Amino acid sequence: MNTPTSIPDQKKIGMVSLGCPKALVDSERILTRLRADGYAFAEDYAGADVVLVNTCGFLDSAKEESLAAIGEAIAENGRVIVTGCMGEEADAIRAAHPQVLAVTGAHQYEQVVEAVHTHAPPSQGPFVDLIPQPDIKLTPRHYSYLKISEGCNHSCAFCIIPDLRGKLASRRIDAVLREAEKLVAAGTKELLIISQDTSAYGVDIRHESRTWKGREVRAHMTDMARELGGLRTPEGQTPWVRLHYVYPYPHVDQVIPLMAEGLLTPYLDIPFQHASPKVLKLMRRPANEAKVLERLKAWRAICPDIAIRSSFVVGFPGETEEDFQYLLDWLEEAQLDRVGAFRFEPVEGAAANALPDQVPEAIKEERYARIMEVTERISAAKLAAKVGRTLPVIIDEVGEPDEDGDIGATGRSQADAPEIDGAVYLRNVPETLAPGAIVEVTIEDADAHDLFGVIAR
């Protein structure tokens, strides 16, 4: 009987991850499970035994991008498994690309792993690595997305997320805090808290309590925020904790003092979507824009440096010029720090598609240009007010020396989330500076989106 004396080559997985940060977390979890099963990962299509495409299905344009990515993977590799939000439309995927090996839906980790096992069986021999491996991260080492729940209980007219990802399903609070502690211990300097509705965390499990560090902690946004604010890096620093997808429920007021104390990053990502009471009603969203303005003033009184980011839909069915002007006037008063705008786009299965008074595409484009002009002007003024100040900045990238030997770097202030907000560009940084460092930066200049400065001496 011959005994194997070498480890067989590992099967290799390729991954294309599309869509939002929540999908990126799904990709990380899938790859972590596959590595535990003995798979390695390919850096290109040619080196992969099978390619996973994690799709986005929120908008028709996102679906087109997903179908294009699937087509590219098939053309370059030929062996493709599809997962993610568009996986709920398996018939449409197979109609466009009948060669796909398997299709699974959003956060269906077991089904994805099973499909990989079927089409690229793991090749582990009798010798396996018994040393536990850390979870796979698809973000840089210094920041991490922390998903606290899946799904959503809202029924917004323009959205099909509940159909794709189901109703709200919150994680246990001790599981959330354990993952956060583990990430910070492993080098994470910035935690980005994500879900479909962070403010609703724990509603579905009646805010059940769990024992954490010898005390009872509820599955509630305020309890979670307070505990996350108590984390410390191995160097003893307070990591940045950034809250995303926060609906402005009354209890959000309770986290603002934590920001003022330096325990949470003074930043809230709030999906307002519109301001006109009529349009908000058509969208099936709360119409409390006046109270929101009062609360913004109260939050800024407690924490003057708080940055508010949001996104708005223009050209929603039934939106009149009066409604749109109401939104512009509201934005002038709200003075939000970061704003994204989107032209309304019908999504198959969304209730808004059946609404009367659809807005012509030309008017959508005109309104989009106007809202971007207003928000860019507000952003430019807010950033200009920071010139001369010294702000903490987390470093994302350090460049190579130029012909004069000067080294530049790119970072972000506490008002800037990765990928979606602005940046801080630094000149003449020391060669010892590394990504993940948090440094004090004197702001020297600003434009409509970004800041420019130098490390304070």
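The values are calculated or read from the model by the stated rules, or taken from the named source; none is laboratory data. In this text the structure is predicted, and so the values were computed from the model without any measurement. We place every Cβ from the backbone using ideal geometry, glycine too, and count neighbours over all the protein chains shown. Only protein heavy atoms, including side chains, enter the accessible area calculation; ligands, DNA and RNA are left aside. Shrake-Rupley method; radii C 1.70, N 1.55, O 1.52, S 1.80 Å.
Please go through region 192-219 and give me each residue that is in contact with a helix residue (DSSP H, G or I) (Cβ under 6 Å, 6 or more places away or on another chain) and farther than 16 Å from residue 151 by Cβ, ordered by number. Matches in region 192-219: 210, 212, 217. Checking each residue in region 196-252 for being touching a residue at least 40 places away in the same chain (Cβ under 8 Å), basic (Lys, Arg), open to solvent by 30 Å² or more (accessible area, probe 1.4 Å) and within 28 Å of residue 106 (Cβ to Cβ) picks out only 218. The set of residues in region 398-425 that are open to solvent by less than 30 Å² (accessible area, probe 1.4 Å) and either in contact with a helix residue (DSSP H, G or I) (Cβ under 7 Å, 6 or more places away or on another chain) or not in a loop (DSSP other than H, G, I, E, B) (or both) comprises 409, 411, 412, 413, 424.
Just one of the listed residues (38, 19, 57, 87) is of a type in the set (Gly, Ala, Ser), surrounded by 15 or more Cβ atoms within 10 Å (Cβ to Cβ) and either in contact with a His (Cβ under 7 Å, 6 or more places away or on another chain) or not in a loop (DSSP other than H, G, I, E, B) (or both), namely 87. Pairs are defined by a Cβ separation below 6 Å, a sequence spacing of at least 6 or placement on different chains, a first member in region 365-383 that is open to solvent by 40 Å² or more (accessible area, probe 1.4 Å), and a second member that is not aliphatic (A, V, I, L, M) and not in a helix (DSSP H, G or I); the pairs so defined are 368/343; 382/337. In region 385-397, the residues that are over 13 Å from residue 440 (Cβ atoms) and open to solvent by less than 50 Å² (accessible area, probe 1.4 Å) form Cβ pairs under 7 Å with partners that are modelled with pLDDT of 95 or more and of a type in the set (Ser, Thr, Tyr), at six or more places apart or across chains, as follows: 396/410.
Cβ-Cβ contacts under 8 Å between residues 6 or more apart (or on different chains), taken from a first residue in region 434-455 that is under 26 Å from residue 381 (Cβ atoms) to a second residue that is among the aromatic types (Phe, Trp, Tyr), are listed as 443/452; 444/452; 445/452; 446/452; 450/425; 451/425; 452/425; 453/425. In the set (1) farther than 18 Å from residue 320 by Cα; (2) in a helix (DSSP H, G or I); (3) among the hydrophobic types (A, V, I, L, M, F, W, C), the condition left unmet by residue 369 is number (1). Output yes when any residue across region 326-339 is assigned to a loop (DSSP other than H, G, I, E, B) and surrounded by fewer than 19 Cβ atoms within 10 Å (Cβ to Cβ), and no when none is. There is at least one residue in region 326-339 that is assigned to a loop (DSSP other than H, G, I, E, B) and surrounded by fewer than 19 Cβ atoms within 10 Å (Cβ to Cβ).
Quick check on region 62-78. Is at least one of its residues crowded, with 19+ Cβ neighbours inside 10 Å, at pLDDT 90 or above and in a loop (DSSP other than H, G, I, E, B)? No: zero hits.
Residue count for region 398-445 satisfying the condition of being farther than 21 Å from residue 241 by Cα and out of contact with any strand residue (DSSP E or B) (no Cβ under 7 Å at 6 or more places or on another chain): 10. The single residue among 376, 365 that is at pLDDT 95 or above and either under 15 Å from residue 315 (Cα atoms) or not charged (D, E, K, R) (or both) turns out to be 365. In region 70-96, the residues that are closer than 16 Å to residue 118 by Cβ reach residues that are assigned to a helix (DSSP H, G or I) and charged (D, E, K, R) with C-beta atoms within less than 8 angstrom, at least six apart or across chains, in these pairs: 83/26.
Taking region 245-265 as the range and being under 18 Å from residue 310 (Cα atoms) and polar (S, T, N, Q) as the test, only 265 passes. Taking the conditions exactly as written (farther than 30 Å from residue 188 by Cβ and of a type outside the set (Asp, Glu)), does residue 409 satisfy them or not? It is false that residue 409 is farther than 30 Å from residue 188 by Cβ and of a type outside the set (Asp, Glu).
In the list 264, 328, which residue meets the criterion of being on the phi < 0 side of the Ramachandran plot, in contact with a strand residue (DSSP E or B) (Cβ under 6 Å, 6 or more places away or on another chain) and modelled with pLDDT of 95 or more?
264
Counted as qualifying within region 231-318 are the strands (runs of 3 or more DSSP E) with 2 or more residues that are of a type in the set (Ser, Thr, Tyr), namely 307-314. Kindly evaluate residue 33 against the criterion of being more than 26 Å from the chain's Cα centre (by Cα), surrounded by fewer than 19 Cβ atoms within 10 Å (Cβ to Cβ) and either more than 12 Å from residue 18 (Cβ to Cβ) or modelled with pLDDT under 90 (or both). Against the criterion (more than 26 Å from the chain's Cα centre (by Cα), surrounded by fewer than 19 Cβ atoms within 10 Å (Cβ to Cβ) and either more than 12 Å from residue 18 (Cβ to Cβ) or modelled with pLDDT under 90 (or both)), residue 33 does not qualify.
Among the residues of region 310-358, those identified as in contact with a Ser or Thr (Cβ under 9 Å, 6 or more places away or on another chain) and of a type in the set (A, V, I, L, M) are 327, 331, 334, 336, 339, 341, 351.
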